[in-house]
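Reading through the structure tokens given below for one structure.
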Amino acid sequence: MDKNFKEEKFTGFTKFTPPLYRQRYQFVKDLVGKYEPKKVADLGCADCTLLCMLKFCSCIEVLAGVDICGSVMKEKMHRLSPLPVDYLQPRERSLTVTLHHGSVAHKDPCMLGFDLVTCLELIEHLEESELKKFPEVVFGFMAPSRVVISTPNSEFNPLLPGVKLFRNPDHKFEWTQLQFQSWALETARCYGYSVEFTGVGHPPRGMENVGFCTQIGVFVKRNPQTSVSTQSEKPTEAVYKTVFKAVYPCLKDEKYLQNAVVGEVIFTAQIIKQSLLKRLMSEHGEYNGDPAERKSKFQPSVSCFSEDLGKLAVEKSMESSVSGNVVYIPLATIFSFPRVNQLCGTFEKLSKLVAGQVTLSNDGSAVMLNTEHEDR
């Protein structure tokens, strides 16, 4: 069930700008930006909106979602698949995204090893028996470094139009600030965490005592090593059903690295060629043919690129040469461009990756481009 959508429709949350559910997601995204966790799990992921936001965080290498409602995940999970641009511009780090159908009241070994676990607007949907098991599953079994839990603040409800008891018919309870903080502090004490309280959705001026519309607890494990000793006690039997898995293209994969390097080499060679031919036309008035025709063929000039890249291309064009209709651009010159250097690391790696992929001189020291047409 898409809890965020139904909650907003039911309570008239449109008065919050941005909408309250987006403020919750942004809170998590800011936390990820601050602490840079590598592995993040979202419990009660519903329509995967938070996961879709987090997949763009370059620090994350593993994303997982869990929800009891498999149909909602399946309806929206395609948004977590790699896009064409992900293959054209692979990530520096690997990224694997998985979705699991199951209950947060059950333990599954696939949920071990996470740095950050988020539970946004989840606990109020749990039955009493599930809520009793929840702390042991999340804080005892999963034992991540950080846990973020958000839940409605019932003290704010009188300020919301149309809310008589609970904000959503599926809610089993809604806590006051004191109730949530008491539960969170006791949970933190039992499992070796500290907890800080905050929230999103500010109350009207003069009613600050009401608190945030959504109250949030951020739990931090006091000693991350304490969970290691209990690993042998953790069950190995899988109870969740994996409904989706996507592995994103990454520069650590030689195939994607080669594609990226070859593309960057061709792009760099082209701008050096344009700079060289423009300089030759400027110096000699013509080059091996009609200057007007040449000018039309070699536009756009390097001015269409960034200023720094344009200046570098002009400088490096002095190291290139023209023989007949062929421009020779030293591979070492191309390697000196920051992006190429960053991708390859060493000149030897560059030579290996472009061999057989671009046209090189007989000794393999220079990229060859034809002056008569743009390489395709």
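The values are calculated or read from the model by the stated rules, or taken from the named source; none is laboratory data. These numbers were taken from a predicted model, which means no experiment stands behind them. Cβ sites come from the backbone with ideal geometry, for glycine too, and all protein chains shown count toward neighbours. Ligands, DNA and RNA are excluded from the accessible area calculation, which covers all protein heavy atoms including side chains. Shrake-Rupley method; radii C 1.70, N 1.55, O 1.52, S 1.80 Å.
Here the range 68-114 is described by how far its Cα atoms reach on the three principal axes: 40, 27, 9 Å, from widest to narrowest.
Expressed in units of 2.2 N^0.38 Å, where N is the residue count, the Cα radius of gyration of the range 66-200 is 1.24. In a simple Cβ point-charge model (Lys, Arg +1; Asp, Glu -1; nothing else charged), the range 10-130 has a dipole of about 500 debye relative to its Cα centre. In units of the rule-of-thumb radius 2.2 N^0.38 Å, the range 117-270 shows an alpha carbon radius of gyration of 1.48. The portion of the accessible surface of the range 122-230 made up by carbon and sulfur, rounded to a whole percent, is 54 (1.4 Å probe; DNA, RNA and ligands excluded).
For the range 82-234, the number of Lys pairs with C-alpha atoms closer than 25 Å, counting only pairs eight or more positions apart or on separate chains, is 13.
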